[in-house]
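Worksheet: one structure, shown below.
What follows draws every value from the coordinates through simple rules; no lab data is involved. The shown structure was predicted, so the numbers you read here are calculated from the model rather than taken from an experiment. Methodologically, a virtual Cβ is constructed for each residue, glycine included, from the backbone with ideal geometry; neighbour enumeration extends over all protein chains shown.
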Amino acid sequence: MRRRIVVLLALAMLLVSALAPAAVGALSAKLDYHIADAFIGAGTGIQQAGARAEADNGDIVSVSGSGTFNLGSGKATGGGTFVHTDGDGVVQGSGAWTAVSVADFDFYGCGGAFPPNFCGGLLTLDVHLVAAGGATEFDGVLTIDCLIGGGGSLEGIRLNIPDVINFDETIPEESGLTLYVSRSRNG
C-alpha cells in the first residue's frame with residue numbers, strides 16, 4: 001500500500017512538471033502590462049489613482065503606466081508617471097519612468113474568472129526615472145504583481161531606487177490594480 005502511494009505521488013509530480021512548461025509555452029512571449037492605467041479603469045469602472053508602495057521612512061510612491069515586454073528577448077517598452085510623497089502627503093518629487101528591460105518574470109496563469117488572455121505574474125523591470133524638469137535622473141527596479149492565476153500575495157507594485165530609497169511595501173487598495181494581457185494565446 002505504501003509503495004502504491006509513493007508511485008502515485010511520483011506520477012502526479014511528473015504530470016504537474018510536464019504540464020507546467022506547456023502552460024507557460026501557451027502564453028505568448030509578448031505581453032502588455034498595465035499599472036493603474038485608463039485601460040484598467042475603463043474595464044473595471046474603478047478610478048485608478050496609481051499603484052502605491054511605502055518605504056521604511058513612511059514615504060509613499062504612486063506609479064501608473066503601461067507598455068509591453070517580451071519574455072524571449074528580455075526587451076520592455078513603455079513607461080508612465082510617478083509621484084513621491086512624504087508620510088504627510090507633501091510631494092517630494094514627481095516625473096516619468098521608462099521601462100529599460102525585463103529583469104525577471106514569474107508567470108501565475110491566465111483566465112479563470114477573467115478573459116483567457118488576462119494573465120497574472122510577478123514582473124521585475126529595470127526602469128529609468130526622470131524627475132519633472134529633467135534635473136534629476138535615477139535607475140531603478142520596478143516590481144509589478146498581478147494576482148490573476150492564483151500567485152503572489154498583494155496586487156500592486158514596489159519600486160527600488162538603489163542607494164536612494166526603497167519603496168518595498170505594497171499598499172493594497174482598489175486604486176492600484178495591475179494586469180498583464182497576452183497578445184496571443186496560441187504561442
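Things to note:
- Ranked for footprinting exposure by Cβ neighbours inside 10 Å, fewest first, 33, 180 give 180, 33.
- A DSSP coil position with no more than 14 other Cβ atoms inside 10 Å describes the following trypsin sites (Lys or Arg not before Pro) in segment 118-187: 183, 185.
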